Amino acid sequence: MKKYKVLMCGSDFSVGGGMIAVAKNYLDYKGLKNIEFIYVPTHIEGNVIKRSLIFIKGYLTVLDLLIKKRIDLAHLHTTENGSFFRKGIILRTLKKFKIPTIMHHHIDYQLFYESCNDIKQKFIRDTFSIADMNIMLGECYCNWVIEKSPNARVCKIYNAVNSYDINKYNPDGNLIMFLGWLIDRKGIYEFLQAIKNLDDKLDNKYKVVLCGDGKDKIEPVIEQLRIKHRIVHIGWADLKTKERFFSETVINVLPSWREGLPMTILETMAYGIPNVVTNISIMSEVISNDKIGTVVQTKNVEQLTEAIYRIINDRNLRLVQSENSYNLIKNKFDILNHIKQIEEIYLDLLK
């Protein structure tokens, strides 16, 4: 059986985040017997010089692989801003060598697109059209791409995670978790304000676990709100480390302003942990009713406060949401189903 070489590009593994988690799922999966992945990082956190150097190194590596005819297919992971333009450049180079290429999009592009000038918007539209397949994380994103670039080939493939044999949720846990970058568009400041609002209402046993980078910027806010006694910051963590905290987590909260499809939501739901999320477009495709999770308006601290308090004080609601979340992931967002869809696209493009 021929082994196909698949180039995969994304951020360096040190960056962390959902996009890296998705890429690692492919690289770690042993079931793709006829696929050999070649991972080339094209981005890293740091100053402009550091970021530029890794892109140049990555681009030259891709060029070398192309010249040596060591790529049969390419799978490029991308988000907005520089990530999109870097992958757009690599895509155009790959197409000059007639390499079938997948663009795997991990964000809602609407605000990014609207912030660009006419030249950049044309580059974005053309990129969608040039790619042999655009993988989008939800139906709403597919529709948006087709509206902007009618000739684009798109398909919907939800992010996915490994499911568990049993629901591991602990309804008597004492942790309130926030998984994600500690930045404004993730809703971290609304979340901290909600915790402040609840501070004198919650039992002292409840602690807030912040799992993500950005501690320096939020520490002054935590001090100002006088909630330091509630906060435990663990930084980025791999799944095994997170699972140690999951075992004591009563609720996960991610009040983002916009997202792709957050891996952190799927990871916690797989464990049976109830989630509070915002009403961004993709979430309605995952948490469709309050028997699965709780949805609040973006940037609405009052609703967020009430939602957290309600779930913590309603054990029966937690158990219902836990069981439904667990079953939803097992039946619809399991990694084996996801990999099968990806493999079908690979084989179709390799014909």
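Values in this text are rule-based calculations from the coordinates and carry no lab data. Quick caveat: nothing in here was measured; it's all calculated off a predicted structure. Quick reminder, even Gly has a Cβ in these numbers, built from the backbone with ideal geometry, and neighbours come from all protein chains shown.
Filter the cross-link list LYS2/LYS340; LYS57/LYS240; LYS30/LYS351; LYS30/LYS68 down to pairs whose alpha-carbon distance in this structure exceeds 28 Å.
Listed pairs above 28 Å: LYS57/LYS240.
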Item checked: Order of SER11, SER115, SER281 under a 10 Å beta carbon neighbour criterion, fewest first -> SER115, SER281, SER11
Next item on the list: Using amide H atoms built 1.01 Å from N in the peptide plane, name the residues 5+ places from VAL154, or on other chains, whose amide H lies under 5 Å from its own.
Entry: ASN134
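With viscosity set to 1.306 mPa s at 10 °C, what whole-number translational diffusion coefficient in µm²/s follows for segment 175-332 from Stokes-Einstein and a Kirkwood radius over Cα pairs? Let's see the in-between values first.
Details: Rh = 15.4 Å.
The estimated diffusion coefficient comes to 103 µm²/s.
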Note to self: When a/c reaches 1.5 or more, the comparison of a/b and b/c decides; with that in mind, is segment 164-265 rounded, prolate or oblate per its Cα gyration tensor?
What the structure shows: oblate
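Evaluate 2.2 N^0.38 Å with N set to the residue count of the chain, then give the Cα radius of gyration divided by it. Each step should come with its number before you reach the end.
Values: Rg = 20.8 Å, N = 351, 2.2 N^0.38 = 20.4 Å.
Compactness ratio reported: 1.02.
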Next item on the list: Round to a whole angstrom and tell me the spacing of the C-alpha centers of segment 175-216 and segment 258-325.
Entry: 15
Item checked: Charge context of LEU76, other residues only, Cβ under 10 angstrom, K/R +1, D/E -1 -> +2
Next item on the list: Pop out the ³J(HN,Hα) list for segment 102-110 in order, Karplus 6.51 cos²θ - 1.76 cosθ + 1.60 with θ = phi - 60°, rounded to Hz; leave Gly and Pro as x.
Entry: 9, 9, 9, 9, 10, 8, 7, 8, 4
Item checked: Members of LYS24/LYS291; LYS168/LYS291; LYS156/LYS332 lying beyond 21 Å, as alpha-carbon distances in this model show -> LYS24/LYS291
Note to self: Can you tally the net charge around ASN197? Count Lys and Arg as +1, Asp and Glu as -1, for every other residue whose Cβ sits under 11 Å from the Cβ of ASN197.
What the structure shows: -3
Item checked: Amide H partners (placed H, <5 Å) of HIS75, local residues excluded -> LEU7, MET8, CYS9, ILE102
Check: Can you list the residues, at least 5 places off or on another chain, whose amide H is less than 5 Å from the amide H of VAL208, using H built in the peptide plane?
Finding: ILE176, ILE231, VAL232
Item checked: Farthest toward positive dipole pole in the chain [+1 Lys/Arg, -1 Asp/Glu at C-beta], among THR93, VAL320, ILE188 -> THR93
Margin query: Given the options ILE135, ILE345, MET283, identify the residue whose Cα lies farthest towards the positive end of the charge dipole of the chain (+1 on Cβ of Lys, Arg; -1 on Cβ of Asp, Glu).
Written below: ILE345
Next item on the list: Would you list, by chain and number, the aspartates and glutamates whose Cα falls below 18 Å from the Cα of LYS95, excluding same-chain residues fewer than 8 positions away?
Entry: ASP64, ASP72, ASP126, ASP132, ASP348
Check: Quick one: if you take sqrt(5λ) for each eigenvalue of the C-alpha gyration tensor of segment 264-351, what semi-axes come out, biggest first, whole angstrom?
Finding: 31, 16, 8
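Nearest-5 percent of antiparallel DSSP beta bridges in the chain?
On the way: 0 of 41 bridges.
Percent antiparallel among DSSP bridges in the chain is about 0.
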Next item on the list: Positive end of the charge dipole of segment 42-131 (Lys, Arg +1 and Asp, Glu -1 on Cβ, about the Cα centre): tell me which of ILE49, THR78, TYR109 has its Cα farthest that way.
Entry: ILE49
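Using DSSP to call loops (not H, G, I, E or B), can you name the trypsin sites (Lys or Arg not before Pro) in segment 165-238 whose Cβ has at most 16 other Cβ atoms within 10 angstrom? Intermediate results must be reported in sequence, preceding the final value.
Numbers: sites: LYS168, ARG185, LYS186, LYS196, LYS201, LYS205, LYS207, LYS215, LYS217, ARG226, LYS228, ARG230; in loops: LYS168, LYS201, LYS205, ARG226.
Passing both the DSSP loop test and the Cβ count: LYS168, LYS201, LYS205, ARG226.
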